[in-house]
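Down below is the structure, laid out as structure tokens.
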Amino acid sequence: MRHLIEPKDLSNAEMLRLIETGQRMVTNPGAYHGVAKGKILASLFFEPSTRTKFSFDSAMLRLGGEIIGFADADTSSAKKGESLADTIRVMSFYSDLIVMRHPKEGAPLLASKYSEVPVINAGDGGHNHPTQTLTDLITISQFKGTLENHCIAFVGDLKYGRTVHSLIKTMATFNSKKFILVSPDELKLPDFLLKFLRENHPEIEIKEAHYLEDVIHEADIVYMTRIQKERFFNEADYIKLKDSFLLDREKMKQAKEDAIVMHPLPRVNEISYDIDEDPRSVYFEQSKLGVYIRMALICKMLEVGDYATR
């Protein structure tokens, strides 16, 4: 039995097959109706979520399966002090697949030790978010045609952003050309990740910058994240810095004609609404594609549809 706790639990070949399956689902979703009939997904969200939770729910329903679970740990026995291990043991009796989000790093890994069914990590603290990474990969493939040889600008909260941590390690394995890290000093990519990249992927050029307008012209992909006000010691520093990481029409004038702008959402004020109609802005399409890649992943984990054992 396999679990998906972090992106490296999947080989690159497996990721590419998931992308291909997801893209087939985009063009012919009707072919997959009912392939998960009789299967139950336990959706265990110990932390709030909109896109991840509901895209998994939508994916399972589109495949003909059913859903149990909770979107608020206060409605579960965790409120009474039940251990995560006991919750997982019991929920794995009631379901065929568990999808869980938890505020504590390592919680999904712990859950996988006690579950009798596959566990998918839907985000654990600032650690990993492998299904967002798959969503990002299918989006890049859909709009750029390949996952290889890109210059990617990661913008905003690079210190705590689990989406960035998962994606940057994964894209490094797909022959990325250059990573541009755009953030305030308070939210720089952690040193351990920089060390990992430099030791394991010395062929990738890494550039650090404080201002998006200085580097946007270099990027094939601009990956935006929100600057988190709560990470600053005082509001004055936040106010001084936040507009430096605002992507608006003026900055987009400097971007490549074939660049794409991505964002895991939700956005706050880091992307101006005036570029929503720019064809290079693909963050809403990214969110939509998240349903199809999760459909493909559910099929893989349950061994149904394209992944049925024969």
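Any read-out appearing in this document is the output of simple, stated calculations on the displayed coordinates, not a laboratory observation. Since this is a predicted model, take the numbers as computed values, not measurements. Counting neighbours? That spans all protein chains shown, and the Cβs are built from the backbone with ideal geometry, glycine included.
The table that follows gives values for the structure above.
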read-out	value
Contour excess over end-to-end distance, with Cα ends at Asp278 and Val26 and 0.36 nm allotted per residue	88.5 nm
Residues in segment 205-224 reached by a label modelled at Glu148 [backbone nitrogen below 11 Å; 7 Å Cα→Cβ]	none
Of Lys8/Lys37; Lys144/Lys300; Lys177/Lys256; Lys104/Lys169, those spanning more than 18 Å from alpha-carbon to alpha-carbon	Lys8/Lys37; Lys144/Lys300; Lys104/Lys169
Taking the C-alpha atoms of the chain, convex hull volume expressed per residue in Å³	136 Å³
Packing rank of 165-173, 179-187, where each peptide gets the mean count of other beta carbons within 10 Å, highest leading	165-173, 179-187
Rounded tilt (10° steps) of 283-302 against the dominant C-alpha axis of the chain	30 degrees
Separation between Cα centres of segment 233-307 and segment 1-59, rounded to whole Å	20 Å
Extension gain, Tyr211 back to Gln254 (0.36 nm per residue minus Cα-Cα distance, nm)	14.2 nm
Fraction of antiparallel bridges per DSSP, segment 32-160 only, in percent to nearest 5	5 percent
Degrees between helix 130-144 axis and first principal axis of the chain (Cα, 0 to 90, nearest 10)	60 degrees
Principal-axis tilt of helix 12-27 within the chain, Cα atoms, nearest 10 degrees	80 degrees
Length added when fully stretched, Asp191-Thr173, from 0.36 nm per residue minus Cα-Cα	4.6 nm
Helix-derived mean residue ellipticity, 222 nm - over the chain, DSSP H n ≥ 4, -39500 (n - 2.57), to 500	-11500 deg cm²/dmol
